[in-house]
Every structure is written in structure tokens, then in C-alpha cells.
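Asker: Structure incoming, see below.
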Amino acid sequence: MGRRRRRVDPAAGALPEAIAALSRSLPSGPSPEIFRRAKFDRPEATPALWQLLFRVLAPLPLDNALASLAPEVQARLVKSALRSQGYPRLALAQLPEDGSQGSRELLLALSWLLARGPVPEQMLAQTRVPLGDEMTVCQCEALASPGPPAPQVRAEEPVDVRHVQWLMGKLRFRWRQLVSSQQEQCSLLSKIHQYTRGCHGDQSLGHLSVAEAEMLRDPEGGQQLLRTLECENRRLEAVLAWRRTELVFWRWMDTVLDTCAPGAPAATSQGTFLPRIPEHRGGELELVAWELRALQEELQEAAERRRAAWEAEAGGCGRGPEWSAVRRASREAVETELGALRRRWEQDRDPAQPHGPRRLVRREDGAAGDRDLRAAEVIRTLRSQEVCLEAVLRQLQGQCRQELARLAGALPGLIWILPPGR
């Protein structure tokens, strides 16, 4: 009799492939062995996961100054970033920052980030190599209003007004320096586009970009650019492989959650936050619905607290001139907010609203294709954003005037001297 052939679970073979694809898609991703050791909370996997979370949570591509930070500083930044994004498990905040333990909790935090959004695609977009001269047209993350006012923090020591004026002067100087550098960059781009007109093989472009002109000037730099593009293509292939096999990873993460101690406070106080993704990625809707319900509850609690505070404050104001000033300021703030939201809604309602990076192309004939965007349209979009920002600025200036009036009323013997006009 022959030996009975043992059945092999296809998911068990796909798990190493899924973890390897995830590691290749992330910047300086750890090896799949790090993920396996993190499942069993091995301490040797902790430093690599701290560094990976720091790279993922960094808002911009890391430079030499950020990359050379101490591991303890990186761990504190990771904790604060996860806390600000609403990470529900409190066990992460209790982890030591020296990297001695907590690899399983770090793996859960990484999985939470992967469940919330397309992290590999975002990291790939940050390190993408632009071959053409591009400009980002819209700013979708810009808010219509500054939101609720920040809580007032009383300084332990009196603040020197001269130091504040020095900071304001430094900010103005940096702003002028930034504007002048942008103007100089635009002037150089215009010269390159004008001098290389007719040199590009694609007649729809007509001129070379800065990267293409640099390749002609320095062939060795072109070889380096080619190697960078090959590395980017490998990461893109890894992202595609991860999307094909990520369901196996989430099933494996269910086993990681099962290995957590049932009596741990982090496991009992918070529920499971990793989504169970069925076929066709239907679990994304469940995750969005859960986040919307949590946000609705937070907004209701904040509204109740504000309503109670407003009723308590309004009860003692009476009907004098102060009450009228408060009502007038509130009405102006509401009208400003509604106007900003209405303009934002008008912009979002247009399906042809420009979005994302666009390549800068200089054309003398002025002809534009169906998917092209004229400079006049970009200027119109920027002016609409300028109107929204000016409304926000006026609102903030009104709040500052009210605060100064309150301070002046509290100190009747103090003389306020305005700064000299410019």
C-alpha cells in the first residue's frame, strides 16, 4: 500500500508570499521573519517594527535629520502620531521606548494602519520619481474653517512681547524667502522649457523637463535615475502582489489576536479593530460605518458639552451690550463658516474639478486637450482657495480682538500702545 498523500492548505503557502510582498512594498520593510517573531512577541523584532512605524507615520519623506533621530525619540513620535489618529489600544502607550519588548503590539498597530487606508500606495506616492515638471493643483486636505478653538494653555512664566515680535519677524522673513525661491524656480522652469523647445520626441509635450535635461547633461546621473525607476517598479509589483494576497494576511492577523493574553487590559477594554475582509473588499464599508458611528458619538458628546457651557454662560449675560456683541460675533462666525462650506460644496459638486499633480507643459499655440488643464483654470482654483483662507483669517482676527478686549477690560490701568504702522 502506498502512503496517503497529506493535503496542504493553499492559504498556508500563500501567507509567506503575502508577508514578503508587504515587506517589499514598504520603505526599508523588515523581513518576513520579523513578522513571524512579532506574532510570538519576541523582543528581537521590536526595533525593526518601531523604525517601520516611524517611516510609515512620517508626514513627508524622511531626510537625514529625521532618519538620524534616536530610537527613543522615534518611539515617542510614533506613540503621539498613533494617539492623534485615534489608535484604540492603550497598551502601545505603555510600551518601553528602548525597544526591549512589545513587538506583537507594534504588529497590531501596523495592521491597524493597513486596515484604515492604502498605506503601501501612499508610501509609493511619496517616493515616486517625477520625470516631468509637475505641480499639485488642489489641496483636498485644506479645511473650510480652522475648527474648534484650541484649548488655552497658561504659561507658567510671563511671555516677553519682544520675543513674540522676533518670532513674527522671523516667520515673515522665512515666508518671503520661500516666495522668492518659488519665483526663481518658476523662472528657471520657463527658461528650460523655452530653450529645449522642439527637442522632445513626443510632439504633444514639445520640450524637455528638468529631469530629462539633467540626463542629457549628466549621463551617469541618468543611469542612477534608471536604477531608481527599476526599484520603484519592483515596489509597484510588490504592492500589486500584496493586494492579491492580503486576505490571507488578515486571516493570519486573526490568529495573532488570538495569541494575545485574554486577561490583558488592552484586550478587554477595546474590541477587535482589524476588519474581516470578505471577497470583493466588502469589509471596507463596515470599517467606514464603524468609524462614522464613533465620530457621531464623539460629536454628540462635544455638542452636549458646548450647549451646556453656552447655556450656563448665556444665563449670566443678561440682555446688555455684551450680550448683543456676543450674538453679533456668533452670527458673523456662522455666516463665515456657511459661506466657506458653500464654496467648498460648489467646488466638490463639479465632476471636472482638477485634482492631483499635473505636468507643466509650455504651448505657444494655446491648444489644450480634453484632459489638459489651462493655467487660467489653476489660477481660478487658487483664487477660490484664497477667498476661503481670507475668511478664516478674518475669523481668527476677530477672535484675537475679542481676547485683547477681554484682557484690556481685566487690566484697566494698563495702556495699550499699538505697534508702528508699516
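Asker: Roughly speaking, what is the stretch gain from residue 185 to residue 69, that is 0.36 nm per residue apart minus the C-alpha to C-alpha distance, in nm to one decimal?
Answerer: Taking 0.36 nm per residue and subtracting the Cα distance, the gain is 38.7 nm.
Asker: Taking every eigenvalue of the Cα gyration tensor of region 72-126, multiplying by 5 and rooting it, what semi-axes result, largest first, whole Å?
Answerer: 20, 12, 11
Asker: So how do 187-199, 115-127, 298-310 stack up, highest first, on mean other-Cβ count within 10 Å?
Answerer: Going from most to least packed, we get 115-127, 187-199, 298-310.
Asker: Once label points are set 7 Å from the Cα along Cα→Cβ at both residue 387 and residue 240, what is their separation, rounded to one decimal in nm?
Answerer: 4.4 nm
Asker: What is the distance in Å between the Cα centroid of region 91-129 and that of region 28-52?
Answerer: So the two Cα centres are separated by 11 Å.
FYI, it's all coordinate maths here, none of it is from the lab. On a predicted model such as this, the values are computed, not experimentally measured, just so you know. Note that each Cβ is placed from the backbone with ideal geometry, even for glycine, and that neighbours are counted across all protein chains shown.
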